[in-house]
Amino acid sequence: MSMVYRGRFAPSPTGPLHAGSLVAALASWLDARAHGGQWLVRIEDVDRPRCVTGADRQILQQLASCGLVADEPPQWQSSRDTLYQSALERLVSNGLAYPCGCSRKDIEEALRSLGRERPRHAELVYPGTCRGGLQGKQPRAWRLRVPAGEVRWTDRRLGDQQQDVADQVGDFVLKRADGLFAYQLAVVVDDAAQRITHVVRGEDLADNTPRQLLLQRALGLPAPVYLHTPLVLGANGEKLSKQNGAAPLELDAPAVALANAAAVLGLTVASGGTVADVLARAVAAWGGRWR
Ligand code: GLU
C-alpha cells in the first residue's frame with residue numbers, strides 16, 4: 001500500500017523545548033520516518049502575547065541538535081492570518097460561526113443565572129447567549145455554532161474517545177476579542193493547508209481533538225489520524241510544561257536526551273554513538289508502535 005504520510009511538530013514559541021516537548025517532537029518524527037513520510041515543523045505563534053522573542057529560533061536549533069530537521073521550510077502561523085480570516089468568513093457565510101458580544105463577566109453571570117457554574121480548566125462553558133443575535137451588543141469574539149451530540153474518534157494510543165462538545169465546551173471561540181485567531185481555528189486550517197495526514201502530539205492536547213474534528217467538518221476538510229503521546233511528569237506528578245517551570249532541555253548530550261525521550265515512548269534505545277545512531281535505533285524500535 002502506498003500512502004502519502006505527512007506529519008508535523010507544532011510548538012508554541014513560549015519558551016525553549018523541555019523534556020516533555022522533545023517527546024512529542026521525537027514521536028512525530030519517528031512516526032513519519034517509520035511510514036516513509038514527510039515531517040514538517042510549524043511555529044504556532046498565533047497567541048502573540050504568550051510568545052517569547054527568539055524562542056522560535058531556539059526551538060529550531062534544539063531540534064537540529066537532536067537531528068530533527070523538517071523536510072520543508074518551517075512555517076510561522078503569525079504570517080497566515082489571511083488564511084484564518086477567510087476560513088472564518090466561510091463559516092460565517094454558511095451560518096456556522098457567529099459574532100459574540102459577551103465579556104467574561106457576562107458569561108459568568110449567564111452561567112450563574114442558569115445554575116451552571118462549571119469552570120473547565122480556566123475555560124467557561126459558553127451558554128450560547130449570542131447564538132440568536134447580538135441584541136445590541138458590540139461584536140467581540142467569533143464562535144463556532146457547535147452541534148449537539150457526542151463527537152467520537154479513535155486515537156491510536158488512547159483508543160475510542162468521545163466528547164459532547166456542545167455540553168462540555170459550548171460554542172467555542174475562533175477569533176478572540178483582541179483580534180487574534182484561536183489555536184483551534186489556526187491548527188485546523190494549517191493541518192489541512194499543509195496536507196497533514198497524521199497528527200502526533202502530547203496527550204495534554206487530546207481534549208482539543210473533538211473541537212478540531214467539528215471544525216474540520218464545518219470547513220469540509222479531511223480529518224487527520226491522531227496519536228497522543230505520554231506526558232513527562234515532573235516531581236510534583238504534574239505534566240511538565242513551560243507554565244510550571246520545566247527546565248529547558250540541556251543539549252550538551254543530545255543523544256542522551258533522545259534516548260530519554262524514547263524511553264517515555266516505551267522504546268528501549270541505547271544512547272551510545274551519535275545522534276544519528278540513536279535516531280536510527282529509535283526508528284527501528286518504533287516499528288509499528290500504536291498502529
Ligand atoms: N502549539 C501547540 C502546543 O505547543 C501544539 C499544537 C498541536 O500539536 O496541535 O501546545
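General observations
- Per-residue ellipticity at 222 nm from helix content only, as computed over the chain with -39500 (n - 2.57) for each DSSP H run of at least four residues, stands at -10500 deg cm²/dmol.
- Counting 0.36 nm for each residue step from TRP290 to ARG195 and taking away their Cα separation leaves a gain of 32.1 nm.
- Look at where the Cα atoms of segment 20-89 and of segment 217-231 average out, and the two centres are 16 Å apart.
- Remark: relative contact order (segment 20-113) = 28 percent; criterion is Cα-Cα distance under 8 angstrom and separation of 6 or more residues.
- Rounded to the nearest 10 degrees, the inclination of helix 55-65 to the longest alpha-carbon principal axis of the chain is 30 degrees.
- For the peptides 174-182, 269-277, 19-27, the ranking by packing is 19-27, 174-182, 269-277, with the highest mean count of neighbouring Cβ atoms within 10 Å listed first.
- FRET efficiency, GLN61 to LEU233 (Cβ-Cβ, R0 22 Å, nearest 0.05): 0.25
- Contact order for the chain, expressed relative to its length and based on alpha carbon pairs under 8 Å spaced 6+ residues apart, stands at 24 percent.
- Binning the alpha carbon pair distances of segment 21-93 at 10 angstrom intervals from zero yields the distribution 17, 40, 29, 13, 1, expressed in whole percent.
- The aspartates and glutamates whose alpha-carbon is closer than 13 Å to the alpha-carbon of LYS175, local same-chain residues fewer than 8 away aside, are ASP47, ASP81, GLU89.
- Table column - 3J(HN,Hα) (Hz), segment 234-242, Karplus curve with 6.51, -1.76, 1.60, x for Gly and Pro: x, 4, 7, x, 8, 5, 5, 8, 4
- Helix 209-219 and the longest principal axis of the C-alpha atoms of the chain enclose an angle of approximately 60°.
- Phi to ³J(HN,Hα) by Karplus 6.51 cos²θ - 1.76 cosθ + 1.60 over segment 69-81, Hz, x for Gly, Pro: 10, 5, 7, 9, x, x, 10, 10, 5, 4, 9, 10, 4
- When the Cα gyration tensor is reduced to axis lengths a ≥ b ≥ c, the ratio a/c is 1.5 or higher for segment 3-157, and with a/b above b/c it is classed as prolate.
- An oblate overall shape is assigned to segment 69-215, the ratio a/c of its alpha-carbon gyration tensor axes (a ≥ b ≥ c) being 1.5 or greater and a/b not exceeding b/c.
- Helix 104-113 axis, angle to the chain major axis (alpha carbon atoms, nearest 10°): 70 degrees
- For the chain, the convex hull drawn through the C-alpha positions has a volume of 143 cubic angstrom per residue.
Every number here is computed from the coordinates shown, using simple stated rules; none is lab data. Keep in mind that what you see is a predicted model, and the values were worked out from it rather than measured. All Cβ positions, glycine included, derive from the backbone under ideal geometry; neighbour counts span all protein chains shown.
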